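Remarks on the structure that follows.
Read-outs: derived from the displayed coordinates by stated rules, not from any lab. In this text, all values refer to a predicted model and were calculated from it rather than measured experimentally. Methodologically, a virtual Cβ is constructed for each residue, glycine included, from the backbone with ideal geometry; neighbour enumeration extends over all protein chains shown.
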Amino acid sequence: MLPRYKSIQSPVGQLILVAREAKLAAILWENERLNRVRLGPLEEDSRHPVLNETERQLMEYFAGKRRRFELELDFVGTAFQVRVWQALLGIPFGETRSYRDIAIQIGQPTAVRAVGAANGRNPISIIAPCHRVIGTSGSLTGFAGGLAAKQFLLSLEGQQSLQLMF
């Protein structure tokens, strides 16, 4: 069975929600980089229950009514990537961590660059909050949805004092 997808409009632009069976597999950005997340062929399904529930929870989040997502996730990647993505789920709403913090958390303190690369391939943006990962200096660094979207998400969560790094 092919993964199902649904497009939605959000305050950070169009998002493409993708489900495999009964789990969320991806949230892709409007200007998604080709092959950042490998999914293969997809089939549109605007009535898929996981996609509709994801949309509902995202809209609550954007409206300031949700701080935590309650969805089953289907991370597909290397063992290292999955460990990084699982670590992202532990970053509390309204807080940030550095790439170094994540590397230390997963027990590989010298893997800061690898953590950055895995963070950049996070297939389930927003839900697995890669936007909460910042540079060691406190600056905003790369984000698949663009730095303006990252700033928006952090501002929504109360982190308004961070600086953009270009």
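Set the Förster distance to 22 Å, then compute FRET efficiency between Leu89 and Met59 from the Cβ-Cβ distance, nearest 0.05.
Once the sixth-power term is evaluated, E becomes 0.60.
State the extension gain, in nm to one decimal, for the chain segment bounded by Val76 and Gln108, taking 0.36 nm per residue of separation less the distance between their alpha-carbons.
9.5 nm
Write down Rg/Rh for the range 54-134, rounded to two decimals, with Rg from the C-alpha atoms and Rh from the Kirkwood relation over Cα pairs.
Ratio of gyration radius to Kirkwood radius: 0.98.
What's the angle, to the nearest 10 degrees (0 to 90), between helix 147-156's Cα axis and the longest principal axis of the chain?
Roughly 90 degrees between the two axes.
What percentage of all Cα-Cα pairs in the chain are separated by more than 24 Å?
So the portion of pairs separated by more than 24 Å is 31 percent.
Which log10 I(q)/I(0) values does the range 104-153 give at q = 0.15, 0.26, 0.29 Å⁻¹ under the Debye formula, counting every alpha carbon as one identical point scatterer?
Values returned for q = 0.15, 0.26, 0.29 Å⁻¹ are -0.39, -1.10, -1.26.
Below 14 angstrom from the Cβ of Trp29, what's the summed charge of the other residues (Lys, Arg +1; Asp, Glu -1)?
Around Trp29, the charge tally is +2.
Please give the net charge around Val82, taking every other residue with its beta carbon less than 13 angstrom from that of Val82, where Lys and Arg add +1 and Asp and Glu add -1.
+1
Determine the gain in length on full extension of the stretch Ser139-Arg47; use 0.36 nm per residue of separation and subtract their C-alpha separation, reporting nm with one decimal.
29.2 nm
What's the ranking of 72-82, 40-50 by average number of surrounding C-beta atoms within 10 Å, highest first?
In decreasing order of mean packing, 72-82, 40-50 become 72-82, 40-50.
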